[in-house]
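Taking it in order: structure first as structure tokens, then the write-up.
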Amino acid sequence: VSGDLGAAFLGLTLMEREKQIFLENPQIQPNLENEDYIVGRLLRPEARKDIIELLEKLDIKPTSMMDISDGLVLDAARICAASGVGIDFDLASVGSRIALTGGEDHSLLATFPLSATIPPEFRVIGRVVPNSGVSVDGVPFTAKGGWDPLRDG
């Protein structure tokens, strides 16, 4: 995966909390002090075209890659369904359960051949496995997460 995961979801959670406080007590202004990074990840997402260009320049060809703006697990399941494989994430490498199910991170999830040199803009957070669907630390992941426009829209 490129980039960090979970910050945009934390920004959304913070904004929703502050909105609720304001609706209940309009005299209390939102407190977003020292939260520029997570609020910025939510309100100012960046498409990582630079990474696509870097992969082309280095002639590194991922076997799959997609923007994971709907959430890591949800978008990984889409790769699994399209490819007929499974993906097993290492929770310690992902960073948190929030990073599994949050969304709006606009990071890139990619799979690479075992022989590929992984560019420094990516970090390994799991592996492709022969079964189907998404698992975390070897356990099938069944919790709902992310945002699916067909389910949530």
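The values are calculated or read from the model by the stated rules, or taken from the named source; none is laboratory data. Keep in mind the model is a prediction, meaning the values are calculated, not measured. Every residue, glycine among them, receives a Cβ derived from its backbone with ideal geometry; neighbour counts consider all protein chains shown. In case anyone asks, the SASA skips ligands and DNA or RNA and just uses the protein heavy atoms, side chains included. Shrake-Rupley method; radii C 1.70, N 1.55, O 1.52, S 1.80 Å.
Which percent of the accessible heavy-atom area of the stretch 1-150 goes to carbon and sulfur, probe 1.4 angstrom? Working shown, then result.
Details: 5110 of 8970 Å².
Of all accessible area on the stretch 1-150, carbon and sulfur atoms account for 57 percent.
Near K61, which aspartates and glutamates are there with a Cα under 20 Å away, not counting those fewer than 8 places off in the same chain?
D50, E53, D75, E121
Scaled to the compact-protein estimate 2.2 N^0.38 Å, what is the alpha-carbon radius of gyration of the stretch 17-61, rounded to two decimal places?
Numbers: Rg = 18.8 Å, N = 45, 2.2 N^0.38 = 9.3 Å.
Normalised by 2.2 N^0.38 Å, the Cα Rg of the stretch 17-61 equals 2.01.
Against the longest principal axis of the chain, how steep is helix 72-83, in degrees 0 to 90 to the nearest 10, with axes from Cα atoms?
Once rounded, one gets 30 degrees.
Provide Rg over Rh for the stretch 68-119; use the alpha carbon set for both Rg and the Kirkwood Rh (inverse mean inverse pair distance). Intermediate values should be presented prior to the final figure.
On the way: Rg = 11.5 Å, Rh = 11.9 Å.
We get a ratio of 0.97 for the stretch 68-119.
Identify all aspartates and glutamates with a Cα-Cα distance to K19 below 17 Å; exclude those on the same chain that are fewer than 8 residues away in sequence.
Leaving aside aspartates and glutamates fewer than 8 places away in the same chain, those within reach of K19 are E33, E35, D36.
Using a Förster distance of 30 angstrom, determine the FRET efficiency expected from the C-beta separation of D4 and T142, and round it to 0.05.
0.75
May I ask for the net charge around D137, where only other residues with Cβ less than 10 Å from the Cβ of D137 are counted and Lys, Arg are +1 while Asp, Glu are -1? Each step should come with its number before you reach the end.
Numbers: positive: none; negative: D88, D90.
Charge balance near D137 sits at -2.
If I fit a long axis through the Cα atoms of helix 7-24 and take the longest principal axis of the Cα atoms of the chain, what angle between them do I get, 0 to 90°, rounded to 10?
20
Ranked highest first by average number of other Cβ atoms within 10 Å, how do 15-26, 69-80 line up?
Numbers: 15-26: 11.5, 69-80: 22.3.
Packing order, densest peptide first, comes out as 69-80, 15-26.
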